[in-house]
Amino acid sequence: MDFSQRLKTLTEGAKYDVACTSSGMNRKAKKGMVGSTEACGICHSFTADGRCISLLKMLINNYCEYDCQYCVNRRSSDIPRASMQPHEVADLTMQFYRRNYIEGLFLSSAVIKSPDYTMEMLIKTLALLRGDTYRFNGYIHVKAIPGADEALIQRLGTLADRMSINIELPSERSLTVLAPDKTKPAILAPMKYVKNKILQSKEETAKYRSAEAFVPAGQSTQLIVGATPEADSKIVHLAQGLYKGYGLRRVFYSAYIPVGNDTMLPRYESKDSYRSPTPAFDTGTGLIDKAYGPILMREHRLYQADWLLRFYGFTAGELFKTEEENLSLHLDPKCHWALRNLEQFPVEVNTADYRTLLRVPGIGQISAERIVKARRASKLDFTNLKKMGIVLKRARYFITCNGKMAEKINFRPESIELRLTDNHAVGPYSQLTLADAAYA
Amino acid sequence: MPSAPRKEVDIVFDGTFEGFLCVVYAFYYEGITPLSIQTADALQPSLMQEEFFIVTNNDNACKVEKAIRKKISHDAYYTVAYAFLSSADDRFMCMLHYIVYGFKMGHRVDDHLHHDFILRVHKCAREVGREAHLLKGFCRFAETAQGILYCAVTPIHHVLMPLAEHFADRMMEQSWVIHDKRHNKAVVYNGESCVFVDVTPNTVPPIYAENEAQIQELWTSYFNTAAITARKNPKLHRNMLPMRFRGDMVEFGGTGRADSTIS
Ligand code: SF4
């Protein structure tokens, strides 16, 4: 296989990993080195599906010994196989980086020979990039291999900005059925190790400038949604546990899209159709199959719920009443929560504190900040809010300005819900736009 | 402030940021109230009124900078400097209002979002910041036969300055050129410092390095492979990566492709 063909194969194998951010780390350039990183992250391009390309996302090889049913690279999958040498990966990364195609590298690997052997290949590549030949100072995200020796994780962590270990399936049971070579402890143990290492290195770097940084941009993980029966409630609670207990920087959610036909995954033909897309998309025409609308919407809602946990002060318990509950597909989680807790509304924009404003549907961090600032200078009415660029489409039903609402409405959950969903003439799945990618 | 009678005139300055600060200086120390503010190169001569040219003086500019930083805030200075790079016609007048009002209100000026000119200055600065941020990601370099990296952009605003800062840091030891085709300006970096130059329109495109076409090919193929067909979403795609940027991006067949002879 020629180089271009190998690159294609190794890209195919990595593209379902959704994480592609280059954020969380501000590192100025160093003399004699090439590259820098920006805390806010930089998107370099967007693929036709609207996802950001920030990193060169590839596998170093896709000859997997494991047989995880949800994965294209599994042993039993009938796909072309390829691998690259560490210097080939390093060289390509540099060529792309210099041309400003990418912000850095996201490297992972299928399990070849053994977890330790695989990790050594990853380490070799990163060490080469960071070493004298390439002197690369840009962003590197690496996926660690569960089951590898801790010393190897330690070494890898000093070379990368971010490390991820993917949990993929949200429950132990699903893992046993679909990823027979993996166990929950084998995944969680290295996550715990990485967490402790990060804390330790933070303390040390605060004390001694020369101390080595260990994954300074934090660790992340990915959960596959819709391949197994876990409800959103379970998934969001798990995410919350990972943020709190494991200090994760990000949890990514990936809507399951069937890859290949020889899978033992459920064929999705139950009554509960939105959770069960029929895997019948036509790769030839490249048209989005309507069947994917719902599962992509579900993924979108999970990102919104995740956002509420991380930035808006919500807890998983507030968003769900029971363990088996799912997020609403036609209302975003904040609206949904607000309608269920209508006694806390309407909120007076001239007096409510920042945290309360953040809980108003349609008001984000930037809007809340602007309101708090602007009202110091003068009282705000709806015209002011509009001028300030605050989108009132949803917020208008939940706020008052000087005691007045934007319009007279029947202040009951059903009637507000009707108004909230009324405008969406095109249907609930059409709003997968800007916000969706902003969450990534 | 001297209380001599104020002159109301149409002001012209040299188009540099220092020049603009001197307009502020003239407002305070020379009693000159502008009816309009224009740059010399964009000057539209009017028959009715004579223009009043403000000469740039670096000392005066420095004084105004210090005053803004001290009496208003560092943030306000930064906001004005960014708004200056906008291509909105009314930016200079709004900036002047903003500064004058800022000297009255101090650092609280940014709370007064109910004033249109304050919102306007913020908006201009934000738009410039946004375009610069996007281009930090979307702009593409290509290697020339001499080993210089060349990049062409067509921004709405004058974002060469923030781009130059970014790449001078990131590619410190590399020579590169960023060419703003819309405003016919370029920034040239030689591995040590940046120089801003005017470029004549229709400059001949550079001759690219031998392997350039091949690397562009790899990137384009990577770009196409990374998309997930089942998730294809043109509307989202356009929102995230507006059409106007694509003309200069290799993966969309834009200018700067090494295999096309004329760009
Ligand atoms: S270990 Fe499982 S998830 Fe990872 S590449 Fe192999 S088959 Fe895929």
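Using the Cβ-Cβ distance between B:Cys62 and B:Phe103 with R0 set to 22 Å, the FRET efficiency works out to roughly 0.85. Working note: 222 nm ellipticity from helices only, DSSP H runs with n ≥ 4, each -39,500 (n - 2.57), summed and divided by the residues of chain B, gives -13000 deg cm²/dmol to the nearest 500.
Packing, taken as the mean count of other beta carbons within 10 Å per residue, orders the peptides A:241-251, A:30-40 from highest to lowest as A:241-251, A:30-40.
Peptide B:213-219 shows a mean partner chain C-beta count of 4 within 10 Å per residue C-beta. Once both labels are positioned 7 Å from their Cα atoms along Cα-to-Cβ, the gap between B:Glu8 and A:Met33 label points is 5.9 nm.
Neighbour counts of other Cβ atoms within 10 Å put A:Ser108, B:Ser87, A:Ser210 in the fewest-to-most order A:Ser210, B:Ser87, A:Ser108. Listed from fewest to most Cβ neighbours within 10 Å, the set B:Lys232, B:Lys123 follows the order B:Lys123, B:Lys232.
Think of it as helices only: each DSSP H run of n ≥ 4 in chain A is worth -39500 (n - 2.57), and spread over all residues that comes to -11500 deg cm²/dmol at 222 nm.
Between the residues A:Ile102, B:Asn233, A:Leu420, the greatest Cα displacement towards the positive end of the dipole of the protein assembly as shown, with unit charges on the Cβ of Lys, Arg, Asp and Glu, is found for A:Leu420. Multiplying the residue separation of A:Tyr354 and A:Glu172 by 0.36 nm and subtracting their alpha-carbon distance yields 61.6 nm. With N the number of residues in the stretch B:58-213, Rg(Cα) / (2.2 N^0.38 Å) evaluates to 1.22. Couplings 3J(HN,Hα) for the stretch A:62-74, derived from phi with the Karplus relation 6.51 cos²θ - 1.76 cosθ + 1.60 (θ = phi - 60°), are 10, 7, 8, 8, 8, 9, 6, 5, 8, 10, 4, 8, 4 Hz, where x marks Gly and Pro.
At an R0 of 30 angstrom, the distance between the Cβ atoms of B:Arg126 and A:Leu418 translates into a FRET efficiency of 0.30.
Dimensions of the stretch A:1-121 from C-alpha coordinates, computed as largest minus smallest value along each principal axis and given longest first, are 45, 32, 27 Å. The calculated P(r) of the protein assembly as shown, using every Cα pair and 20 Å bins from 0, goes 16, 45, 34, 6, 0 in percent. Ellipsoid semi-axes for the stretch A:170-211, based on the Cα gyration tensor and the rule √(5λ), read 35, 7, 5 Å when sorted largest first.
Taking 0.36 nm per residue of separation and subtracting the current Cα-Cα distance, fully stretching the chain between B:Asp41 and B:Gln214 would add 58.1 nm.
Of the two radii for the stretch B:7-130, the radius of gyration is 0.95 times the Kirkwood radius, both from the alpha carbons; that is the Rg over Rh value. Label-to-label distance for A:Lys386 and A:Asp78 is 6.1 nm, based on points extended 7 Å past Cα in the beta-carbon direction. Hey, any idea what Rg/Rh is for the stretch A:333-420, computing Rh the Kirkwood way over Cα pairs? Rg divided by Rh gives 0.93. Stokes-Einstein diffusion for the stretch A:113-253, with the hydrodynamic radius set to the Kirkwood value over Cα pairs and evaluated at 37 °C in a medium of 0.692 mPa s, equals 206 µm²/s.
The length gained by stretching the chain between A:Val372 and A:Lys124 to full extension, at 0.36 nm per residue less their Cα-Cα distance, is 84.2 nm.
Across the alpha-carbon set of the stretch B:140-262, the Rg to Rh ratio works out to 0.99, Rh being the Kirkwood radius. Listed as lacking a disulfide-compatible partner in chain A: A:Cys20, A:Cys40, A:Cys64, A:Cys335, A:Cys401, by the criterion of no other cysteine Cβ under 4.7 Å.
Angle, helix B:74-84 long axis vs. longest principal axis of chain B, Cα atoms, 0 to 90°, nearest 10? Orientation of helix B:74-84: about 70 degrees from the principal axis. Note on A:Asn410/B:Arg244: beta-carbon distance plugged into 1/(1 + (r/R0)^6) with R0 of 45 Å gives a FRET efficiency of 0.50.
Sorted largest first, the spans of the alpha carbon positions of chain B along the three principal axes are 69, 40, 39 Å. Equivalent-ellipsoid semi-axes for the stretch B:192-253 (Cα gyration tensor, √(5λ), whole Å, largest first): 30, 18, 11.
Since every read-out is calculated from the coordinates, none of them should be taken as a lab result. Computed from a predicted structure; not experimentally measured. Glycine gets a Cβ as well: all are built from the backbone with ideal geometry, and neighbour counts include every protein chain shown.
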